[in-house]
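Quick notes on the structure that follows.
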Amino acid sequence: MDPQTPSPAETTLSDLHARLVAAAQTLGLPAAEAPHLTSNVFLGGEGSEAARLKVGDLPHPTRALQLGRYNVLLTMLPEQPSLEAVNEALRRFRNQCVVARSYLSTYEALDLQGILVGPRGSEPMDDWRPLALLLERDDRVARKFVWLRPANQAADDASFADLIKRTFLARPWVNDATFTMAALDNLNRAAAMWDTSVPRDTVDEWVKLSLAPREDADTLVQGLVDTWARRGQS
């Protein structure tokens, strides 16, 4: 392969990088390259071999960027769903995160994120799912997310959208849905439109109980039950 030609793994990370930048910009978050976070040397240790990690102890390839206040490291997972291989990838990734943290302030280090990308076709494979969970539950050094990619490249957009929903780029409170007041929060409306199979007196008592101060939920529930038991007796 031509040294100037990016490898398939590098192309994959470049695609993920571009997707993350676009997602951040949609939210109005600034995006910037952060190549220093992929260094093999701890900050201030340029002249010391002890502050330099060997290539075999770090993931390759890697990319890094800053999205708003979050710094994000990107790397690849092995081609095969092997526990041994995944643990080795995790070890190397944690090493890279430790180096990256040396370049960050205390608060920035707390927000360090990582995305590890599975091979093409890993999304539907049962063997990959427990390994992805293992990686994401490892909260040492940085918060980690796994993107298991679909077999069909045409499904990447939807798969990436699912990934974003689990990250700091998710905005579940931003949507175009129209919400109406819940019936329990509109007691006057509920009383005016009561079910005719329920006596009005019972509905009125339920409303009063709901509005009255109470010590606990159990008291309210028992009061509602007692009121229902007395329906039609007056």
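The values are calculated or read from the model by the stated rules, or taken from the named source; none is laboratory data. Quick caveat, the model's predicted, so the values are computed rather than measured. Positions of Cβ are backbone-derived with ideal geometry, glycine not excepted, and every protein chain shown enters the neighbour counts. Note: accessible area is taken over every heavy atom of the protein model, side chains too, but ligands, DNA and RNA are not part of it. Shrake-Rupley method; radii C 1.70, N 1.55, O 1.52, S 1.80 Å.
Please list, or write none, the lysines whose alpha carbon is within less than 27 Å of the alpha carbon of K54, excluding same-chain residues fewer than 8 places away.
Result set, ordered by chain and number: K144.
Could you run the Karplus curve 6.51 cos²θ - 1.76 cosθ + 1.60 with θ = phi - 60° over region 136-142 and give me ³J(HN,Hα) per residue in whole Hz, x for Gly and Pro?
6, 7, 7, 9, 6, 6, 7
Taking amide hydrogens as modeled 1.01 Å from N in the peptide plane, which residues meet the under 5 Å criterion relative to V146, leaving out close sequence neighbours?
L116
Give a residue-ordered list of calculated ³J(HN,Hα) values for region 158-163 (Karplus: 6.51 cos²θ - 1.76 cosθ + 1.60, θ = phi - 60°; whole Hz; x for Gly, Pro).
Residue by residue, region 158-163 yields 5, 5, 5, 4, 5, 4 Hz.
Checking the cross-link filter: which lysines have an alpha carbon closer than 19 Å to that of K208, excluding same-chain neighbours under 8 positions apart?
List returned: none.
Work out, step by step, the length gained on full extension between T26 and Q80: first 0.36 nm times the residue separation, then minus their alpha carbon distance; give nm to one decimal. The partial results should precede the final answer.
Working: separation 54, 0.36 × 54 = 19.44 nm, distance 3.44 nm.
So the chain would gain 16.0 nm between T26 and Q80.
When the accessible area of region 1-79 is split by element with a 1.4 Å probe, what percent falls to carbon and sulfur?
Numbers: 2440 of 4320 Å².
Carbon and sulfur: 57 percent of the exposed surface of region 1-79.
Kirkwood hydrodynamic radius for region 1-138: how many Å is it when counted over pairs of different Cα atoms?
16.0
Can you tell me which of 44-52, 30-38, 146-154 comes out highest on packing, and rank the rest after it, using the mean Cβ neighbours within 10 Å?
Numbers: 44-52: 10.4, 30-38: 15.2, 146-154: 16.9.
Going from most to least packed, we get 146-154, 30-38, 44-52.
Please compute the contact order of region 80-168 in relative form: average sequence separation of alpha-carbon pairs under 8 Å and at least six residues apart, divided by the residue count, as a percent.
Working: 90 pairs, mean separation 26.4, N = 89.
After rounding, I find 30 percent.
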